[in-house]
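Data first, discussion second: the structure below is written as C-alpha cells.
Just so it is clear, none of the values below were taken in a lab; they were calculated from the coordinates. This is a predicted model, so every value here is computed, not measured. All Cβ positions, even for glycine, are placed from backbone atoms using ideal geometry, and neighbour counts span all protein chains on display.
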Amino acid sequence: MLYYEAHDNPLEEFNNRIISEFSKTLEMFALNKTESQLFVTLFLHDAPMTLDEMKDELGKSKTSMSTATRTLLDFNLIERVWRKGVRKDLYLAKRDMYYQFMKAYVKSWLEALDRQVNSLESIRTELDQITDNGEDIYHHKITEAINFHHSLEEVFLNIEDMHDNSYHRPSKK
C-alpha cells in the first residue's frame, strides 16, 4: 500500500508533507518553524491569505501568525496586497524566492558579523588598557578571532556581489 492510500484525503496529506519538508530547508535560513511553515503555505496557496485563513490552515494562533507575518515581511519574503472589497490585510509569498532568501540570509550574516567584530574590538580595546602593548596571549587570540570574522565577512560580501551581479529578475509582463 502506498503512503497516500492510507489517508482519507491524499492531496491534503501531500500538501502537509510538502509543508513539513520544505519548511525544514527554510529553517536553515534562520526562520523558525512557524515562519517557515507559513511561508511554504503562502507559497503553495498561490493566492493572498488573511491572518485568519493562515491560522486555520496551520492550526496556530492568530498572534503567532501575526508575528510570523511580520518576520516574513521584514525579510521581504512576502508582501501585503490589497483586494477591492476585502477589509482584512492579505499576504502573498513573493515569487523570486531564491533571490529573496539569499539576500535576506547574506544580510543577516553580515549584520551578525558586524556586531561580533564590534564586540570583539571593544573587548580588545579594554584588554589593551590593562596589558602592556598587547603582548599578552589574550590580545593575540582576540586579534585572531577578529581576523576570522573579517574573513567570513569577505566571503559573504563576495556572495552578495556575485549574487547581485548574476541574478536577473524575471521581467513583469
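Once every DSSP H run of n ≥ 4 in the chain is given -39500 (n - 2.57) and the sum is divided by its residues, what mean residue ellipticity at 222 nm do you get, rounded to the nearest 500 deg cm²/dmol?
When only DSSP H runs of four or more count, the value is -23000 deg cm²/dmol.
Given the Cα-Cα distance of ASP89 and ASP132 and 0.36 nm per residue of separation, how much length would full extension add, in nm?
Using 0.36 nm per residue and subtracting the Cα-Cα distance, I get 9.4 nm.
Hey, got the dipole for the chain? About the Cα centre, +1 on K and R Cβ, -1 on D and E Cβ, debye to the nearest 20?
1260 debye
Could you list THR41, THR71, THR143 so that the one with the fewest beta carbons within 10 Å of its beta carbon is first and the one with the most is last?
THR143, THR71, THR41
Using every Cα-Cα pair within segment 97-166, state what percent have a distance larger than 16 Å.
54 percent
What do you get for Rg/Rh of segment 17-171 when both radii come from the Cα atoms and Rh is the Kirkwood radius?
1.15
Regarding segment 46-88, what are the three Cα extents along the principal axes, ordered largest first, in Å?
Sorted largest first, the three principal extents are 27, 23, 18 Å.
Lysine pairs, Cα distance under 25 Å, 8 or more residues apart or cross-chain: how many in segment 1-91?
Step by step, the pairs that qualify in segment 1-91 add up to 13.
Can you give me the three principal axis dimensions of segment 3-93 from its C-alpha atoms, in Å, biggest first?
40, 33, 21
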